[in-house]
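Have a look at the structure below, then the notes.
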Amino acid sequence: MPQNGYSIGRDVSLAVTTSNGPLTINKITGFNTKQETSKQKVKRLDGVTDTLRFFDGWSGSFEVERADSLVEDYFVQLEANYFAGISEIPATILETISNPDGSTSQYRYEHVIMSLDDAGDWKGDASVKIKVSFEASRKKTVV
């Protein structure tokens, strides 16, 4: 719930859906996204520089405290499918945000390809942190 008119980390929830159904990612401790763009400078003959911007999708990542094997199992299966010649079907991510004004915003990341960037460090007396990144072709508002 927002505090003092500010959004905080607890205000967001995520639901990942793969071709096999929901992928439950327990213990998410961090989530970030950014819009990807490419830019081109156009130097006109009159000396003015214009900038063109092209939208290139979205990227982001999850930080997860390992509480079960579901995330690793998902990527191990993707790898097995790859070597068996089975095409990967992209996932979707539904992001739900409780806004400070009491309203709710929902966004859907489409055509999502995820990567297991870090399966974690295993050390005595420390939790195992996993990092998953993703690329999405679009982010759309859910009505």
Q. Got at least one residue in region 64-82 being hydrophobic (A, V, I, L, M, F, W, C) and closer than 30 Å to N4 by Cα?
A. yes
Q.
I'd like to check which strands (runs of 3 or more DSSP E) are fully inside region 65-139 and have at least 3 residues that are of a type in the set (D, E).
A. 104-118
Q: Could you grab me the full set of residues in region 26-82 that are farther than 23 Å from L14 by Cα and among the hydrophobic types (A, V, I, L, M, F, W, C)?
A: V42, L45, V48, L52, F54, F55, A80
Q | Counted residues, region 128-142 - those being surrounded by fewer than 15 Cβ atoms within 10 Å (Cβ to Cβ) and more than 19 Å from T17 (Cβ to Cβ) | A | 1
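Coordinate-derived values only; no laboratory data. Bear in mind that the values here come from a model prediction, so they are computed numbers and not experimental data. Quick reminder, even Gly has a Cβ in these numbers, built from the backbone with ideal geometry, and neighbours come from all protein chains shown.
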